[in-house]
């Protein structure tokens, strides 16, 4: 799956420029290439709950858990807990 998705992303932007991997939640059957994308992106972000219940257990490295309303480094992404 990683090769197909990364090829599609590569048509829009060079994978070498990927800076963030932002994950809103995790589905066990949809995260097969998660760690391969995390290896490309120097920064990984997710919500507090996703970090506690899944990301810290499934990912090769811990994600930065954003607090409610926190604005990410690019100033365009805001975490909103529902």
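Report yes if some residue within region 59-70 is touching a residue at least 40 places away in the same chain (Cβ under 8 Å), in a strand (DSSP E or B) and surrounded by 14 or more Cβ atoms within 10 Å (Cβ to Cβ); otherwise report no.
In the first step, residues of region 59-70 are kept if they are touching a residue at least 40 places away in the same chain (Cβ under 8 Å); the result is 63.
Within this subset, residues satisfying the condition of being in a strand (DSSP E or B) are none.
Scanning region 59-70 turns up no residue that is touching a residue at least 40 places away in the same chain (Cβ under 8 Å), in a strand (DSSP E or B) and surrounded by 14 or more Cβ atoms within 10 Å (Cβ to Cβ).
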| field | Filter result for residue 21 (in contact with a helix residue (DSSP H, G or I) (Cβ under 7 Å, 6 or more places away or on another chain), surrounded by 15 or more Cβ atoms within 10 Å (Cβ to Cβ) and not in a loop (DSSP other than H, G, I, E, B)) | value | yes
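Values quoted throughout were computed directly from the atomic coordinates according to the rules given, and no laboratory measurement underlies them. All of these numbers come straight from a predicted model, not from anything done at the bench. Cβ atoms come from the backbone with ideal geometry, glycine included; neighbour counts cover every protein chain shown.
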